[in-house]
Every structure is written in C-alpha cells, then in structure tokens.
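Undergrad: So that we are looking at the same thing, I have put the structure below in structure tokens.
The values are calculated or read from the model by the stated rules, or taken from the named source; none is laboratory data. Fair warning: this is a prediction, and the values are worked out from it, not measured in the lab. Here the Cβ positions follow ideal geometry from the backbone for every residue, glycine too, while neighbour counts run over all protein chains shown. Surface accessibility is based on the protein's heavy atoms, side chains included, excluding ligands, DNA and RNA. Shrake-Rupley method; radii C 1.70, N 1.55, O 1.52, S 1.80 Å.
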Amino acid sequence: MFSAPPLFPEQASALAPQVDNLYFFLIAVTVFFAGVVALAVGYFALKYRRKHPDDVGANIHGSVPLEILWTVIPFVIAMFIFAWSTTVYFRIIRPPDERLEIYAVGKRWMWKFQHIDGQREINELHLPVGRAVKMTISSEDVIHDVFVPAFRVKADAIPGRYTSIWFTPTKPGEYHLFCSQYCGTKHSGMVGTVIVMEPHAYEQWLSGGTSEGSLATKGQKLFQDLACISCHVPEGSGRGPTLHGVFGSQVTLSTGSVILADENYIRESILTPQAKLVAGYQPQMPTFQGLVNEEGVMALLEYVKSMRKPATREP
Amino acid sequence: MTTPAYPELNYLNATHGIRSWLLTKDHKRIALLYLISVTVFFGLGGMFAGLIRLELTTPAGDLLAADTYNKMFTMHGIVMIFFFLIPSIPAILGNFLIPIMIGAKDLAFPRINLLSWYIYIIGGSFTLYAIVVGGVDTGWTFYTPYSTSASNTNVLPTGIGIFITGFSSILTGLNFIVTIHRMRAPGLTWFRLPLFVWAHYATSLIQILGTPVVAITVLMLAAERAFGIGIFNPALGGDPVLFQHLFWFYSHPAVYIMILPAMGVISELVACFSRKPIFGYSFVAFSSLAIAVFGFLVWAHHMFVAGISPYAAMVFSFLSFAVAIPSAVKTFNWAATMYKGAIWLASPMIFVFGFLGLFTIGGLTGLFLASLGTDIHIHDTYFVVAHFHYIMVGGAIMGYLAGIHFYWPKITGRMYPEAWAKFSALAVFVGFNLTFFPQFILGYMGMPRRYHTYPPEFQVLNVLSSAGATILAVGYSIPLIYLLWSLKYGKVAGNNPWGATGLEWKTQSPPLTENFTETPIVTEEPYDYARQGAHVG
C-alpha cells in the first residue's frame, strides 16, 4: 500500500550539510542524556525495589559536588552547541557579494517571484545550480513564510518590510517551497516548486520567457511614471537628494544620526518618506503608499540599486 | 491489616445541595468545581485533536473543509492551553493541597478563590460561545495582521474569553502567594515546605507578572480589529512583529505555568515512592524560581525567522540555552532521589516514569530550537509541534495524571483499581510516543505545521501519528471510567494510603472542611522518611 517513506530531507544546498551536522550532534546529545536518565531511573527502580512495605530509603539529602557537576557539564555542552549553532546561523543569514538576486512577494495564497532580468513566475522558481541566490521577501497582506526544506532556509514574509534568505543550490531537481507561517484558508495550498537547473538549461529558460525588460528597467519606467525623477535628479540639485550611489551608502539624517541605506530604508523612504529624512532636505515628499504595489516597490528598489554603479554598464 | 472506615464527617458531606457547592468558600470544593469544568474542556480540546488527526491520515483535505480544519487546530490550542493546561494542576491540585500542605484552614482569600472560578467559567462561556457560533481560525497565537484584518471568524469573542479567563489565573496566583507567605503552620519554615508548594509559588509569580501583558495585548488586538486603530497592521501604520513580542512575552512564560506545577507533583511523588528525602532539596526549589525568572527572558526564540536583529537572536538563543539548565538539574535530582531508595512501583510512580521519559525528550529537543542554526530549518514545522507536545502533554499532563492518581484517595477517600491505573499509564506512554515521535521526523523533513493538506511522501508518518492518537485517547479515557467507578465502589483509602510524609497525609481522607481539628505544629524537615517511617494507613 505504501512505499517506504523517506525519513530525511534531501540535501540540496551548500548549507544543508552544515545544518545537518549540527542536527546530528544534537541528536547524539539527546540520546546520551535521555539514555543516562532512562538507565539511571530504570536501574534504580529495579535494584532498589522495596522488599517490605515498611522499608525506607537511605537518608541521603544531596551532594553539592554532584549538583555542581550536573550544572556545569550541561552548561558547557550547551555553550558549545550555542557557539557552533550561532556560527552556522551567521552563515545562513550572510549572503556572499557574488550572487543572483530574486524578489519574492507572498499574497494569499500564492508566491510571486521576480528575476532581475525581468522574468516573473508564480509558485514556480527556476534557478541555476551552483550559484548563490539571495531572495528578498515581502508580503502584500498577512505574514507568510518562504521555506525550502531541501535548502534548510526559511524567512517570514512580513508586510511592510523586507526579509531575506540566501542559498546555493547544489543539485538539479525540483524541491518543495512551503508557506510555513499560517495565513488563512489555503495556507497549505500556498506551496510552490523550486526548479534547480543546469546552467545551460537555465540560460535557455531565461531566454525562452517573454521578456518585459529587466526589473531595473521596469523600475526606471515607474520612476518616470510616478514623477520621482522630477525631484530626484541625477546631479543632486533637485528638491530631493540624488539617488546615484545611495544604495549601500551611509546616509546622514535630519536628526543627525547616520544609517545604512539598505533595502528596508529605501522601501520606507518610498512609502513613508517623512520617517527618516535626509539631512538638508525639506519634508515635502508625498507618500507613495497605495500608488505603487509591492512588486512596483521592488522594481523601484532594483532601479535605485542599479544607480549605485556608473550609468554605463557592459552588456 | 484492618480496613479503615470512611470518615463520617468530611468536606464532601458537610453541607448539601447545589447551592452549597456553587457558593462554597472551601478551597477543596472549589478545586472539585475546577476539576469538573477543566475535564469538560479537556474532552472538548481532545475532540478537536481527534478530528485533526483523522483529517491528517490522508494527504488530501477530504474530511474537513480547509476553514473547518483551521478552526479545529485553533480551538484545540486555545481550549487546551487557556482552559485546560494553565488551570489544571494549580487550580485543582494546588487549590486542594496548598492550604492542607501548609497546615492552614483555607486559602488567604476564600471568596476571591470562588470568584476566580466564576471568572474562569465566564471566560470559558465566551470562548464556547465563539466556538458554537462558528469558531475562530487564527491559530491560538492570533498573529497580526491576520487576526486583525484578514480573518472573518469570531476573533473578538474568543479574545474576550481569554482576556477574562486571564483574571482567574491572576487571582489564583495572588491567592497562592499570599497564602504561602502568611498562612504557614507554626514551625513550617520556607525550607520545610513541600516542593509542590515551591513550584506553585514560582508558577504564581509568572501568573501575576505575565498574564496582565497578554491581557493588554488582547485589548490592543481588539482595538485594531474593532476600531481600526493602527497598532499591528502595517497598512494602518502598525508593526506586526510587535504583536509577536508582546504575545510571547506572556506565552513563553505560560509554558512554565503549565510545566512547573507538574514538576512540583513529580518532586512529591519521587520522594514518596522512593521513601527518601528529595535529593538536593534547595537546588530543586531554587531551580523553580530560576525557571520563573529566566522564562521571562527567552520569548524572542519564537521569532528567529521573523526578521529580528541577528544580534538579538544571538542573545535570545543564549538565554534559551540557559533556561534549559535548571530543568536538567531537576531531572538529575529526581533520578538521584531514587538511588538507594525503597522503591514502590505503585501506579502514580508509573506515571512519574512516563513523565521523566517524555519530559526529558521534550526538554532536550528544545535545544534544537534554541540553536539558531537548526531552528531556522525546523521553525514552524512539525518538529516544533512534537517538541511542545512532549513538554505540555508528555510532561504537564503526565504530571497532572500522576498527581490526580496520587491525591485521588485524599480528595475522595477512595482507591481506584491499581492494575487499571498502571495499564492506563502504559497506554498513555506508548500512545503518546507513537503520536508525537513521528512528528519530529516529519518536521525535520520539512512538513510545516497547521497544514490541512500535505505532499504524499509525508503520509506514512502521519498515519502512524494518528494511530498513536487512538491509543492515547484510550489511555486518557480509562482513568475517567475507573475514577468515577471508584467514587462508589473504590476501597476506602484511609488517611495515608501511600505511607507518605507531609501534613496532607496526617489528616483524614477526605478531609474535614477545616482540614485539621487543631492547627498542626511542624518540627521536622519534609520527606523525613528515615525518622517517620513509611506506614500505610
């Protein structure tokens, strides 16, 4: 009736073995301590079974050295796991500079993916094997969560902000993508497939789709349509600051504090412009909340990012 | 051995009629009111669980509609947590035993004690109303903005129910703290207190400090949902993650509200059935307080994938590892207590073994979730579901059953059939492991929680889990039958059927309304089996 069930998820990203090694170590720790407790309890229960109903046990009240021992040993082991797992965690959250950028938007109950070359997909994501991928994630309604078990990565898709995951697929194949933050009726239907392809097949796929131009180009068009360009002129002489080179730079705010212009900052500046005002500029930019959707904001963001490099780009 | 006589006058027959129960100020009768109402909620929550497991025997959503399924797991969580687990041991066994254990006639505020039961019933009625008129589908966690803007189910009545019930929990905690401070019998110093009392003291601290936070959170949720005041919904200028911080600030410590009292029960039983003082009394007592304090500092480990700062995540991971240590210390002390004991394998002790096995696995699998590296993968999967059921069902309910079996003769004056009780403990242990162990594997494979449908490769483990749930249901139902049977046909228990130390065993079973004929004077340490012996009767 059933075929033998798999009991372990596929390892399909460079991170997966690192997470699994930690997992195996934790299993070993669990088996060891559960074994010690079970053996002690089982052995004592048999060995010291009372012989007569009036029997009493030895009048032992405790032992401070033992208490210290079984406080310190678990603590040391816990700290070892903490150090190891935190190291793995920082690898999980810090993407390399050389990477493919993907945008993902969750919406009840579907996933929309946007490649920077312009391809858009719904509930399917095509990726090349062997290249690091960073996915910037947001949501149009409630909280969702991108989870690809084969890659051992996960991040909530939170309305109003960006989160991200990154991974390097190591094996061509098709992998589950689950929404793992409860989002209502069809939560369990909000699933997709990550299709990891050989590089040449991926190139073929990329060129096969209908191209609406790159995401940055789309952003540029929006930038003009929404008249952003009338204030954010390239030379920096407009009513708003120039956006050339702003992404990834340190920005001085009107409050005097300095912050990093990252994805969340750019996003906030489009939708809530007065929240963090650049020093030297008037609070006159209107909000674009409602005028541009999540995907539009992502296109604008990609355009702003593209402005960090010199205007001419090698094809 | 002569059969002891059933005491002619006791708290059960001191007064008669339904009025004498509904207006009682006797902590023991109030405990029984709780016992009945909490059992009703347990049955209800268990029924929801049964439907969930039935649905999950096949990958397709073919038994319940998606919305119905979502309501089932939501209401299962809400009923089990707020109306069963949180009040179970404190409001039943704590209420019944704390005054007797400390040699008092009643709690410090008997009227407030009755009031807290009525508040519980009113809160429960609101929640039952919400269930009857269509239920609620937000998950017991009520995450925003889903709960405030997307769900079109009965979020408000449920929220009001939880808000109200919270006051019952606060008042019980307050009552216990005052009672333990002010009403101990002469000679009963803090370090002569039974560890059950220490555990409830720590629990009460969490109840009075944590519960107001969840009450405020529910009010804010209601303000946004009913009046559109933007607090959590980013479309209204709010912050959805703020809700999670506030919610878990209570709801993580709430886990300790559920497990600490069970730990208190286990300490009593291990000592009694080993005929020995508890190993490391002060370490066990202070580890309860350490858990209560550290428990407040680990909430964000529920939010490692919710975009919180990596450095905050690191700190919360560290603190989550730290909170594991006092639980480990307790477990080692319980095991060590049995060393050179005179161990009586009576039925409550079998439940204790069940607790030790399941709680140990539950606690150790918590390390996987405290570890940032593994939590990212298993967060919000069945691994988490398995972990917290090992703590709350394997730990808390096993402890509750151990306590109910141990104190049943004191509460009712009668014994239940030993063999059936042992069989029930075994069925619960086997059924529990079969239900929840496969879920660890499912979770690591990547099956997300709260899924109505799932990919076919997860089916075998889900079928195993549902089969286990059937055995578990049998294991939980048998005690209901033989405990009720024992009320009429059970052997008369006598004052001290387990040969235990402690003031509660020096008075008659069932006790008089005023517990003792004269105020006891305590001159010895707790669990003093070496000098007092272990005489049944």
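Undergrad: Condition test on B:GLY187, is it in contact with a Ser or Thr (Cβ under 6 Å, 6 or more places away or on another chain), surrounded by fewer than 18 Cβ atoms within 10 Å (Cβ to Cβ) and either away from chain A (no Cβ under 14 Å) or not in a helix (DSSP H, G or I) (or both)?
TA: Answer is yes for this residue.
Undergrad: In region B:439-460, what count of residues is obtained for those that are in a helix (DSSP H, G or I) and open to solvent by less than 10 Å² (accessible area, probe 1.4 Å)?
TA: Total meeting the criteria: 5.
Undergrad: Quick check on A:PRO74: is it surrounded by 14 or more Cβ atoms within 10 Å (Cβ to Cβ), closer than 30 Å to B:LEU319 by Cα, touching a residue at least 40 places away in the same chain (Cβ under 8 Å) and more than 8 Å from every other protein chain (Cβ to nearest Cβ)?
TA: Details: surrounded by 14 or more Cβ atoms within 10 Å (Cβ to Cβ): yes; closer than 30 Å to B:LEU319 by Cα: yes; touching a residue at least 40 places away in the same chain (Cβ under 8 Å): yes; more than 8 Å from every other protein chain (Cβ to nearest Cβ): no.
Here the answer is no, as A:PRO74 does not meet what is asked.
Undergrad: Now for a separate question. A:TYR182 versus (1) of a type in the set (Phe, Trp, Tyr); (2) open to solvent by less than 20 Å² (accessible area, probe 1.4 Å); (3) outside any loop (DSSP other than H, G, I, E, B): which is the lone unmet condition?
TA: (3)
Undergrad: Which of the residues spanning region A:208-240 are modelled with pLDDT of 85 or more and among the polar types (S, T, N, Q)?
TA: Answer for region A:208-240, where residues must be modelled with pLDDT of 85 or more and among the polar types (S, T, N, Q): A:SER214, A:THR217, A:GLN220, A:GLN224, A:SER230.
Undergrad: What are the residues in region A:109-121 that are modelled with pLDDT under 95 and either in a strand (DSSP E or B) or of a type in the set (D, E, K, R) (or both), if any?
TA: Passing the criteria: A:GLN114, A:HIS115, A:ASP117, A:ARG120, A:GLU121.
Undergrad: Going by the structure shown, is B:GLY46 modelled with pLDDT of 95 or more, open to solvent by 10 Å² or more (accessible area, probe 1.4 Å), over 28 Å from B:THR24 (Cα atoms) and out of contact with any helix residue (DSSP H, G or I) (no Cβ under 6 Å at 6 or more places or on another chain)?
TA: So B:GLY46 passes the test.
Undergrad: For residues that are among the charged types (D, E, K, R) and either surrounded by 18 or more Cβ atoms within 10 Å (Cβ to Cβ) or at pLDDT below 95 (or both), tally how many sit in region A:21-48.
TA: Counting residues in region A:21-48 that are among the charged types (D, E, K, R) and either surrounded by 18 or more Cβ atoms within 10 Å (Cβ to Cβ) or at pLDDT below 95 (or both) gives 0.
Undergrad: Moving on. Could you please let me know if A:ARG120 is farther than 19 Å from A:ASP156 by Cβ and either open to solvent by 40 Å² or more (accessible area, probe 1.4 Å) or in the same structural domain as A:ALA155 (by TED's automatic domain parsing) (or both)?
TA: Yes, satisfied.
Undergrad: Sort through B:VAL197, B:VAL241 and tell me the only one that's assigned to a helix (DSSP H, G or I), within 14 Å of chain A (Cβ to nearest Cβ) and modelled with pLDDT of 95 or more. Before you say what the answer is, go through the steps one by one.
TA: Values: B:VAL197 fails: within 14 Å of chain A (Cβ to nearest Cβ).
After ruling out the rest, the residue left standing is B:VAL241.
Undergrad: Still on this model: Evaluate region B:19-38: report whether one residue or more is closer than 30 Å to B:ARG449 by Cα and open to solvent by less than 40 Å² (accessible area, probe 1.4 Å). If you could, list the steps in order and put the result at the bottom.
TA: Within region B:19-38, the first condition is being closer than 30 Å to B:ARG449 by Cα, and the residues that meet it are B:37-38.
Applying the additional criterion that residues be open to solvent by less than 40 Å² (accessible area, probe 1.4 Å) yields B:37-38.
Yes, because at least one residue in region B:19-38 is closer than 30 Å to B:ARG449 by Cα and open to solvent by less than 40 Å² (accessible area, probe 1.4 Å).
Undergrad: Among the residues of region A:234-275, write down those that are over 18 Å from A:LEU300 (Cα atoms) and charged (D, E, K, R).
TA: A:GLU235, A:ARG239
Undergrad: Please indicate, with yes or no, whether at least one residue in region B:318-327 is touching a Leu at 6+ places or on another chain (Cβ under 9 Å), at the interface with chain A (Cβ under 10 Å from one of its Cβ atoms) and over 22 Å from B:GLY210 (Cα atoms).
TA: Within region B:318-327, none of the residues are touching a Leu at 6+ places or on another chain (Cβ under 9 Å), at the interface with chain A (Cβ under 10 Å from one of its Cβ atoms) and over 22 Å from B:GLY210 (Cα atoms).
Undergrad: For region B:271-315, give me each residue that is at the interface with chain A (Cβ under 8 Å from one of its Cβ atoms), open to solvent by less than 10 Å² (accessible area, probe 1.4 Å), of a type in the set (A, V, I, L, M, F, W, C) and in a helix (DSSP H, G or I).
TA: Answer for region B:271-315, where residues must be at the interface with chain A (Cβ under 8 Å from one of its Cβ atoms), open to solvent by less than 10 Å² (accessible area, probe 1.4 Å), of a type in the set (A, V, I, L, M, F, W, C) and in a helix (DSSP H, G or I): just B:ALA313.
Undergrad: Then there's this: Can you find, within region A:11-65, the residue that is farthest from the other protein chains (Cβ to nearest Cβ) among those that are in a helix (DSSP H, G or I) and among the hydroxyl-bearing types (Ser, Thr, Tyr)?
TA: Going through the qualifying residues, I end up with A:TYR43.
Undergrad: Being part of a helix (DSSP H, G or I), within 14 Å of chain A (Cβ to nearest Cβ) and of a type in the set (A, V, I, L, M, F, W, C) is the filter here, so list the residues in region B:487-537 that pass it.
TA: Within region B:487-537, just B:ALA530 meets the criteria.
Undergrad: A follow-up question, please. Can you tell me which residue within region A:77-112, out of those that are aromatic (Phe, Trp, Tyr) and free of Cβ contacts under 8 Å to residues at least 60 places away in the same chain, is nearest to the other protein chains (Cβ to nearest Cβ)?
TA: Checked region A:77-112; the qualifying residue nearest to the other protein chains (Cβ to nearest Cβ) is A:TYR89.
Undergrad: Looking at region B:1-57, which of its residues are of a type in the set (Asp, Glu) and within 20 Å of B:LEU114 (Cα to Cα)? Outline the logic, then answer.
TA: Initially, region B:1-57 is screened for residues of a type in the set (Asp, Glu), giving B:8, B:26, B:55.
Correct list: B:ASP26 only.
Undergrad: Among the residues that make up region A:292-301, is at least one of them hydrophobic (A, V, I, L, M, F, W, C), part of a loop (DSSP other than H, G, I, E, B) and at pLDDT 85 or above?
TA: Checked against the condition, which is being hydrophobic (A, V, I, L, M, F, W, C), part of a loop (DSSP other than H, G, I, E, B) and at pLDDT 85 or above, region A:292-301 yields no hits at all.
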